[in-house]
1. What does the charge add up to near Ser91, with Lys and Arg as +1, Asp and Glu as -1, over the other residues with Cβ less than 15 Å from its Cβ?
2. Given the whole protein assembly as supplied and a 1.4 Å probe, what does the accessible area of Thr87 come to in Å², nearest 10?
3. Please compute the net charge surrounding Pro26, taking Lys and Arg as +1 and Asp and Glu as -1 over other residues with Cβ under 14 Å from its Cβ.
4. Ignoring everything but the protein chains, give the 1.4 Å probe accessible area of Arg137 in square angstrom, nearest 10.
Amino acid sequence: MTPTWYNTPLRVSFLGDAARRWLGTPFRENSAVRGPGGGVACHNLAAALYFETGCMACFDVPRGRVRDFLKTGAGDAIVDYLDAHLTGRFSPVVDEPPIPGDLIVMREGRVAKHVGVVLAGGDFVHVLRFRGVMLSRLDDSTYQPIVAIRRPSP
């Protein structure tokens with residue numbers, strides 16, 4: 001199994017607690033402000049959770065509309081971005097199910113452009129444009145297929 005930074009029950013618990021504090025935050029591009037008066041985009045939410053739980057030191061999260069990042073026309077532009085810019089912070093996971101702490105990438109239509117963070121118990125946290133930050137089940141067919149898993153390095 002690919003090693004992970006979330007390798008203790010305490011770290012997994014911290015991640016779940018941090019995710020629950022974000023619930024109800026609305027979607028907003030270029031933002032990572034928790035609470036009903038704030039807003040967050042999916043890539044900023046993932047980064048904020050990793051920062052809050054001590055998984056990784058803060059770094060500059062790309063600014064701009066997510067759609068602008070994906071104008072390359074490549075169906076997996078977000079996966080390519082993760083692999084190019086976060087090398088050493090995440091390990092690609094192949095032929096393993098997602099575990100708590102994993103960053104999962106999902107398709108919306110033909111394009112892989114939605115990310116979430118896996119929590120304990122088969123849930124993941126993510127943010128949708130008209131619903132805000134929410135928990136969903138990994139086995140919910142709405143969010144399948146998961147096209148990439150990146151595991152935070154220990």
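The values are calculated or read from the model by the stated rules, or taken from the named source; none is laboratory data. Quick caveat: nothing in here was measured; it's all calculated off a predicted structure. Methodologically, a virtual Cβ is constructed for each residue, glycine included, from the backbone with ideal geometry; neighbour enumeration extends over all protein chains shown. Heads up: the accessible areas ignore ligands, DNA and RNA and are worked out on the full protein's heavy atoms, side chains in. Shrake-Rupley method; radii C 1.70, N 1.55, O 1.52, S 1.80 Å.
1. Charge balance in the 15 Å sphere: -1.
2. The accessible area of Thr87 comes to roughly 110 Å².
3. So the environment of Pro26 carries a net charge of +3.
4. Accessible surface of Arg137 is approximately 100 Å².
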